[in-house]
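S.K.: Mind having a look at this structure? Questions to follow.
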Amino acid sequence: MAWALKLPLADEVIESGLVQDFDASLSGIGQELGAGAYSMSDVLALPIFKQEESSLPPENENKILPFQYVLCAATSPAVKLHDETLTYLNQGQSYEIRMLDNRKIGELPEINGKLVKSIFRVVFHDRRLQYTEHQQLEGWRWNRPGDRILDIDIPMSVGIIDPRANPTQLNTVEFLWDPSKRTSVFIQVHCISTEFTMRKHGGEKGVPFRVQIDTFKENENGEYTEHLHSASCQIKVFKPKGADRKQKTDREKMEKRTPHEKEKYQPSYETTILTECSPWPEITYVNNAPSPGFNSSHSSFSIGEGNGSPNHQPEPPPPIADVSHTSELMLVNLLPTSTPQEAQQWLHRNRFSTFSRLFRNFSGADLLKLTREDVIQICGPADGIRLFNALKGRMVRPRLTIYVCQESQQLRDLQQKHEDGDAVTSTFFVYHAIYLEELTAVELTEKLAQLFSISSQQISQIYKQGPTGIHVLISDEMIQNFQDESCFVLDTMKGA
């Protein structure tokens, strides 16, 4: 038999900055401490003091260090002689740090053919901020949820193995590497120096940071706890392109100075050599305990001369307890009454386990209150949009919706009722919605067959009644030109 779509009865149609000022949000963070807030013994234990005390004795001045780390960024020309170099970086930009093996022949033979672990940190250079580092970082975390202070640009890095980032330590990353092979790691610093100034009136100087690298070898238990070498350098971080402008400004200032004044300043070097310092005192993080890798997966990445690829498959997410029927419904659409535990289950079931730790204290109501901008800021554009759509339970709108009514069958039913003597109050026609995605005649045939519970093989052709009653064969192109939410009356004809 053939099916015909008559002319529509009715047509209806339905429808700068990368970092914000922290004036209000960082109130109380980074303020001066009272005289009795700490003891001198506490202050002298800070890394910066240890570094000052660790100046090499005369007999070790010519000592060749086992490793050397070179930051591929130019030093500032506006630094006086005998002062530590200062390097300007752009926020979020990838900078290479070359990991060089300077060992003499026969030196440290126990690490030949073995891996060492290096831990990178971005810490405060200022003594007062070092003392309040925990409060400073917690304030930054509160204002930049989901962001990290320090990251590794894994695709650009070479020779690093098993890069990891502890979610609780935003300013720390670590990886393994082979000193006998070429190793370069590209780092990104996402905080800027002015985020930690006490008073913000515009034009204030940003606080300097330090990039510190601590390298360790394995002990007898296979844990990387035996210290080999530490080095650091001083940096300032600016908004994108800000470091280039600052470098240019310093260079222009130096050009205006007299030759006699220029002699008091260091020249600008193309790269920054990290100088030896004492190891970071927080050794508790230097262990072999598993810590979440990048993207919160447990994948182990080995990056060589070519493209990196995981050494093994990621571990499956932690098992989720069986849930009741009500909870199963909640897994489709998160409910405002959902507990934090149920919200965690929803995140895992909907493939958002990456952010389960971040939202571990969020109830269903907390998650549903997040705006689209909030979710994108926390999770990034791609995952943020996906999570927002999942939270709002948004369905994908079909490309075309049409309404069909089998009018002739309903008229025959009314006529039969009239012949049987039944009272007929009014003519009432029921339409069915058909949603099309591919916009093809085959898809329309299958949807009509499903609607009327017949096989698609029973529909040989579909026609649209045109001018003067002619029958026009339905094609893909014709369907693609249908108006959305058009209404059609369906009639059947016996095939030849």
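The values are calculated or read from the model by the stated rules, or taken from the named source; none is laboratory data. It should be emphasised that the depicted structure is a prediction, and the values quoted were computed from it without experimental measurement. Heads up, the Cβs are rebuilt from the backbone with ideal geometry, glycines too, and the neighbour counts pull from every protein chain shown. Heads up: the accessible areas ignore ligands, DNA and RNA and are worked out on the full protein's heavy atoms, side chains in. Shrake-Rupley method; radii C 1.70, N 1.55, O 1.52, S 1.80 Å.
S.K.: Express in nm, to one decimal, how much length is gained between Asn350 and Arg141 on full extension, taking 0.36 nm for each residue of separation and deducting their alpha carbon distance.
M.R.: 72.7 nm
S.K.: Could you tell me what fraction of 2.2 N^0.38 Å the Cα radius of gyration of segment 68-172 comes to, as a two-decimal ratio?
M.R.: With N residues counted in segment 68-172, Rg over 2.2 N^0.38 Å equals 1.32.
S.K.: For the cross-link pairs Lys239/Lys392; Lys205/Lys264; Lys104/Lys246; Lys117/Lys264; Lys80/Lys246, which exceed 28 Å when the distance is taken from alpha carbon to alpha carbon?
M.R.: Beyond 28 Å: Lys239/Lys392; Lys104/Lys246; Lys117/Lys264.
S.K.: A further question on this structure: Just by accessible area at a 1.4 angstrom probe, what is the order of Asp83, Asp162 from largest to smallest?
M.R.: Largest accessible area first, the list is Asp83, Asp162.
S.K.: Give me, ordered by chain and number, the residues 5 or more places off Arg210 or on other chains with an amide H under 5 Å from its own placed amide H.
M.R.: Under 5 Å from the amide H of Arg210 lie the amide H atoms of Val123, Phe124, His125, Ile235, each far enough along the sequence or on another chain.
S.K.: With a cap of 10 neighbouring Cβ atoms within 10 Å, and only residues DSSP puts in a loop, list the trypsin sites (Lys or Arg not before Pro) found in segment 165-200.
M.R.: Sites meeting the loop and neighbour criteria: Arg199.
S.K.: Near Thr354, within a Cβ-to-Cβ distance under 12 Å, what is the net charge of the other residues, with Lys and Arg +1 and Asp and Glu -1?
M.R.: Taking every other residue near Thr354 into account, the sum is +2.
S.K.: Counting pairs of Cα atoms in segment 199-267, how many percent are more than 13 Å apart?
M.R.: 79 percent
S.K.: Sorted from largest down, what three extents in whole angstroms do the Cα atoms of segment 127-248 have along their principal axes?
M.R.: Cα spread of segment 127-248 along its principal axes, largest to smallest: 54, 33, 27 Å.
S.K.: Round to the nearest 10 and report in Å² the accessible area of Cys487, as given by a 1.4 Å probe over the protein chains' heavy atoms.
M.R.: Its heavy atoms expose roughly 20 Å² to the probe.
S.K.: Then there is this: Search the structure for amide H atoms under 5 Å from the amide H of Glu226, placed 1.01 Å from N in the peptide plane, and list their residues when 5 or more places away or on another chain.
M.R.: HN-HN under 5 Å from Glu226: Lys217, Asn219.
S.K.: Can you send over the solvent-accessible area of Asp178, 1.4 Å probe, protein chains only, in Å² to the nearest 10?
M.R.: 20 Å²
S.K.: Describe numerically, in nm with one decimal, the distance between label points set 7 Å from Cα along Cα→Cβ at Met254 and at His134.
M.R.: So the label points at Met254 and His134 sit 4.1 nm apart.
S.K.: Give a residue-ordered list of calculated ³J(HN,Hα) values for segment 215-228 (Karplus: 6.51 cos²θ - 1.76 cosθ + 1.60, θ = phi - 60°; whole Hz; x for Gly, Pro).
M.R.: Working through the residues one at a time gives 10, 9, 10, 6, 9, 5, 8, x, 9, 8, 10, 8, 5, 10 Hz.
S.K.: Quick one: how many Å² of Tyr265 are accessible to a 1.4 Å probe, rounded to 10?
M.R.: The value for Tyr265 is about 40 Å².
S.K.: Provide the per-residue ³J(HN,Hα) series for segment 136-151, in order, calculated from phi with Karplus coefficients 6.51, -1.76, 1.60 and θ = phi - 60°, each as a whole number of Hz, with x at glycine and proline positions.
M.R.: Running phi through 6.51 cos²θ - 1.76 cosθ + 1.60 with θ = phi - 60° gives 4, 5, 5, x, 5, 4, 5, 8, 10, x, x, 8, 10, 7, 10, 9 Hz.
S.K.: Let me ask you something else. Residue-wise, which Karplus ³J(HN,Hα) couplings in Hz belong to segment 90-102, taking 6.51 cos²θ - 1.76 cosθ + 1.60, θ = phi - 60°, and x for glycine or proline?
M.R.: 3J(HN,Hα) across segment 90-102, in whole Hz: 8, 4, x, 7, 7, 10, 7, 10, 8, 9, 10, 9, 9.
S.K.: Sticking with this one: Determine the order of Thr440, Thr271 by accessible area, beginning with the largest, at a probe radius of 1.4 Å.
M.R.: Thr271, Thr440
S.K.: Which percent of Cα pairs goes in each bin when the distances of segment 154-196 are cut into 5 angstrom slices starting at zero?
M.R.: 5, 18, 24, 23, 14, 9, 5, 2
S.K.: Let me ask something additional. Would you rank Glu255, Glu133 by solvent-accessible area, highest first, keeping every protein chain in place and using a 1.4 Å probe?
M.R.: Largest to smallest exposure gives the sequence Glu255, Glu133.
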